[in-house]
């Protein structure tokens, strides 16, 4: 697995920070373009307003930003193996910390609050129904 690219990480952050403008741009393009390009924009807009996509974009940024920081620091010439191992262990602890109830609840609250402001769909629970055999 390749290290996170700082430019791609910055681009992801830019998309998150400008999500409202992006949705507005898609809507304006959809209203003005009835060609194949407009149909593609319609698909992009449809996917962009799904909570799952917005949530995963925010989650990807949160996790990859931790990894990018460590990746940058362990590429220094003067870093020894012990320091590298410490930094990788810290990354592991940071990512595990993101999974704690408190950290996740804060992240969930932030993402859902932002999604409401952006008019992104409400989160939906994916509950799989098991088939019940009738006797």
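The values are calculated or read from the model by the stated rules, or taken from the named source; none is laboratory data. The shown structure was predicted, so the numbers you read here are calculated from the model rather than taken from an experiment. Glycine also receives a Cβ, built like all others from the backbone with ideal geometry; neighbour counts cover every protein chain displayed.
Some points to look at:
- Search result, residues across region 93-111 that are surrounded by 10 or more Cβ atoms within 10 Å (Cβ to Cβ) and outside any helix (DSSP H, G or I): 100
- Meeting the requirement of 2 or more residues that are free of Cβ contacts under 8 Å to residues at least 24 places away in the same chain and under 17 Å from the mean Cα position of the chain (by Cα), the helices (runs of 4 or more DSSP H) wholly within region 1-92 are 6-17, 36-48, 51-74.
- Residue count for region 72-85, restricted to those that are surrounded by 12 or more Cβ atoms within 10 Å (Cβ to Cβ) and at pLDDT 85 or above: 2
- Within region 21-52, being surrounded by 14 or more Cβ atoms within 10 Å (Cβ to Cβ) and closer than 30 Å to residue 100 by Cα holds for 48, 49, 50, 51.
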